[in-house]
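Participant: Input: one structure, supplied below.
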Ligand code: LLP
């Protein structure tokens, strides 16, 4: 459920008509609903609680929102106020989470290529855990921790060799993917870490992919993780925490219906029954995707004499790359629906490559130049993956709460864009 609905013939975000935002901020612009963000977080957190799942401290499991899905500071602060932690993959994301008010004790740090400086920053910030993705990375963390004289709490990200996800580019759990240590080496590394004065292994993590729409692969991966926890404990090693990653899919319009948070939580409870381990989760998309839209304007309807119809928008692949990158489907809705027949069209942006196509041959409601349209389910991996390709200004972001709204990332000016670059002295020499 989300809070983008037609009211009096116009699509609203909560109580705000989208045309009001377009008029004030211009298009393209991302618009997020606080109520939807909050609802999604609460639905997931309460499903986990109601299934009887526990965190490391015996309280609720840690829900570490995957910052990469939508790292806007106000989005993070909205979730932090509900008790969200943060799953981060760079110093920049750790800094964002801290700046938005996520306590360091609820931040985890993942990623296959953490740099020494980032590891040092993470340790000095006192974050909850660093997820180790390989043996050389484990050695690097031990070196950095030793240099600082501060032991590192680590968890091993284990690659369970289970593939899942909405697209090959976002499947991460297969043995031929770069993520995590393999099952066969996890035990040895965990034991070595436990013997290292600068490493404190606290548990295991896994994340097998994103936009997963079936429970079976997750269940298979989680069972393997349980097995490993038990094997480590049988060797006398302490395993306090099991972080099961993110990956739960969302109902993109017209796509396979994903499992509900309640079914997901129930499955986790079944798999971890009696294990006595503190659970953590790293959901991104399931919280943010349907809490945001990309609002754009139709610039032209271009009809080719041979019959193809192109709807040219002022938004482009640099603003929302998912269709170009993953063939992702985003529903496109007119802000003020007109009556009339539907038409088959391609929806494209102004960027100079054919990949700048949001959708081909889609049956669309009647549209005219000047109409506002909304790409739905764009709150996750939308703005966070945007760029300035074609020297288009970075797309702004707006957060709505009830009848109020605020620009939470303004559109830069062209001067801002140009001023970021510097010029080598030789270009000014005669
Ligand atoms: N934890 C880890 C270690 C991750 O790598 C990811 C996402 C998540 C959690 C959150 O996964 P989620 O719950 O959002 O599925 N740009 C792609 C998605 C890439 C996901 C990368 N990792 C897209 O637009 O579909």
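Participant: Over what distance in Å are the Cα centres of region 174-229 and region 242-270 separated?
Facilitator: Centre-to-centre distance over Cα atoms comes out at 19 Å.
Participant: Could you work out how far helix 215-234 tilts from the main Cα principal axis of the chain, as a 0 to 90 degree angle to the nearest 10?
Facilitator: It works out to around 20 degrees.
Participant: Of all beta bridges DSSP finds with both residues in the chain, what is the antiparallel percent, to the nearest 5?
Facilitator: Roughly 50 percent of the DSSP beta bridges within the chain come out antiparallel.
Participant: Sort out for me the Cα centre separation of region 120-145 from region 59-88, rounded to whole Å.
Facilitator: Each part's Cα centre sits 21 Å from the other's.
Participant: Just to be sure I understand the model, the point goes 7 Å from the Cα along the line to the Cβ. What's the resulting residue 135 to residue 418 distance in nm?
Facilitator: Between residue 135 and residue 418, the label points sit 5.4 nm apart.
Participant: Report, in cubic angstrom per residue, the convex hull volume of the C-alpha atoms of region 325-405.
Facilitator: Here the figure is 132 Å³ per residue.
Participant: Which of 357, 27, 413 has the fewest other C-beta atoms within 10 Å, and how do the rest follow up to the most?
Facilitator: The most exposed by this proxy come first: 413, 357, 27.
Participant: Here is a follow-up. With all pairs of different alpha carbon atoms counted, what Kirkwood hydrodynamic radius in Å does region 131-231 show?
Facilitator: Working: mean 1/r = 0.0712 Å⁻¹.
Computed over region 131-231, the radius equals 14.0 Å.
Participant: Take the Cα pairs of region 277-353, get the Kirkwood Rh, then feed it into Stokes-Einstein at 10 °C and 1.306 mPa s and tell me D in µm²/s.
Facilitator: Details: Rh = 15.2 Å.
In µm²/s, the coefficient is 105.
Participant: Oh, and also: Could you list 90, 339, 125 in order of exposure, starting from the residue whose Cβ has the fewest other Cβ atoms within 10 Å?
Facilitator: Neighbour counts put them in this order, fewest first: 339, 125, 90.
Participant: Cα centroids of region 96-116 and region 14-45: how far apart, whole angstrom?
Facilitator: 26
Participant: Moving on to the next point. Go ahead and set up a Gaussian network model of the chain, Cα springs under 10 Å, then flag whichever of 321, 127, 301 fluctuates most.
Facilitator: Of 321, 127, 301, the Gaussian network model singles out 301 as fluctuating most.
Participant: Would you mind telling me the antiparallel percentage of the DSSP bridges in region 34-287, rounded to 5?
Facilitator: 5
Participant: Shifting gears a bit: Say each of residue 10 and residue 404 gets a label point 7 Å from the Cα, pointing the same way as Cα to Cβ; how far apart are those two points in nm?
Facilitator: 2.1
Participant: Please give the helix 34-50 orientation as an angle from the longest Cα principal axis of the chain, in degrees from 0 to 90, rounded to the nearest 10.
Facilitator: 30
Participant: Rounded, prolate or oblate, given the Cα gyration tensor of region 136-191, with a/c below 1.5 counting as rounded?
Facilitator: prolate
Participant: Stick to the Cα atoms of the chain, pair each with every other, and give me the Kirkwood hydrodynamic radius in Å at one decimal.
Facilitator: Numbers: mean 1/r = 0.0437 Å⁻¹.
Mean inverse Cα-Cα distance, inverted, gives 22.9 Å.
Participant: Between 305, 410, 136, which gets the highest mean-square fluctuation from a Gaussian network model of the chain, Cα cutoff 10 Å?
Facilitator: Most flexible of the set in this elastic network: 305.
Participant: Here is a follow-up. What ranking of 252, 30, 264 emerges when the number of other C-beta atoms within 10 Å of each C-beta is taken as an exposure proxy, fewest first?
Facilitator: Neighbour counts put them in this order, fewest first: 252, 264, 30.
Participant: Moving to a separate point now. Please report Rg (one decimal) and Dmax (integer) in Å for the Cα set of region 91-181.
Facilitator: 14.1, 43
Participant: Mean-square fluctuation check for the chain, GNM, Cα pairs under 10 Å: which of 390, 159, 70 is largest?
Facilitator: Answer for the Gaussian network model of the chain: 390.
Participant: Which shape class, rounded, prolate or oblate, goes with region 281-430 when its Cα gyration tensor gives a ≥ b ≥ c as root eigenvalues, a/c under 1.5 marks rounded, and past that a/b bigger than b/c marks prolate?
Facilitator: Details: a/c = 1.94, a/b = 1.33, b/c = 1.46.
Oblate, because a/c is 1.5 or more while a/b does not exceed b/c.
Participant: Run lengths n ≥ 4 of DSSP H only: what is the helix-derived mean residue ellipticity at 222 nm for the chain, with -39500 (n - 2.57) per run over all residues, to the nearest 500?
Facilitator: Rounded to the nearest 500, it is -8500 deg cm²/dmol.
Participant: Looking only at Cα atoms, what is the convex hull volume of region 34-287 per residue, in Å³?
Facilitator: Considering the Cα atoms of region 34-287, their hull volume per residue is 111 Å³.
Every number here is computed from the coordinates shown, using simple stated rules; none is lab data. Fair warning: this is a prediction, and the values are worked out from it, not measured in the lab. Virtual Cβ from ideal backbone geometry, glycine too; neighbours counted across all protein chains shown.
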